[in-house]
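So the structure is just underneath, and the comments pick up after that.
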Amino acid sequence: MLSAQVALTPSIEYKALCYEISKSTPNWQFILDDINAEIANVRANNEFERFIKIKNSSVITLDN
């Protein structure tokens with residue numbers, strides 16, 4: 001078994017993340033605001049793109 005990550009063919013597409021918070025959850029508005037603020041932080045700092053770049057550099061490709 002391989003101990004490294006392997007590139008998939010075709011490549012996986014990046015899709016939007018959807019989430020739900022029940023209004024019956026205590027402090028649901030605070031939780032929603034907190035999640036949205038963190039998403040804005042990730043976008044503003046290009047953390048998602050950096051994460052993808054780091055992960056892509058650790059992936060190996062198998063030749064058939």
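The values are calculated or read from the model by the stated rules, or taken from the named source; none is laboratory data. What you see is a predicted model; the values in this text were computed from it and never measured. Using ideal geometry, Cβ is built from the backbone for each residue, glycine included, and neighbour counts are taken over all protein chains shown. For the accessible areas, the whole protein counts, side chains as well, though only heavy atoms, and no ligand, DNA or RNA atoms are used. Shrake-Rupley method; radii C 1.70, N 1.55, O 1.52, S 1.80 Å.
None of 58, 3, 11, 24 is at pLDDT 90 or above and not hydrophobic (A, V, I, L, M, F, W, C) except 24.
The C-beta contact set for region 14-34 (first residue farther than 24 Å from residue 52 by Cβ, second residue of a type in the set (Ser, Thr, Tyr) and open to solvent by less than 70 Å² (accessible area, probe 1.4 Å), distance under 7 angstrom, 6+ apart or interchain) comprises 28/22; 31/25. Taking the criterion of being modelled with pLDDT under 85, surrounded by 10 or more Cβ atoms within 10 Å (Cβ to Cβ) and in a strand (DSSP E or B), would at least one residue in region 45-53 satisfy it? Checked against the condition, which is being modelled with pLDDT under 85, surrounded by 10 or more Cβ atoms within 10 Å (Cβ to Cβ) and in a strand (DSSP E or B), region 45-53 yields no hits at all.
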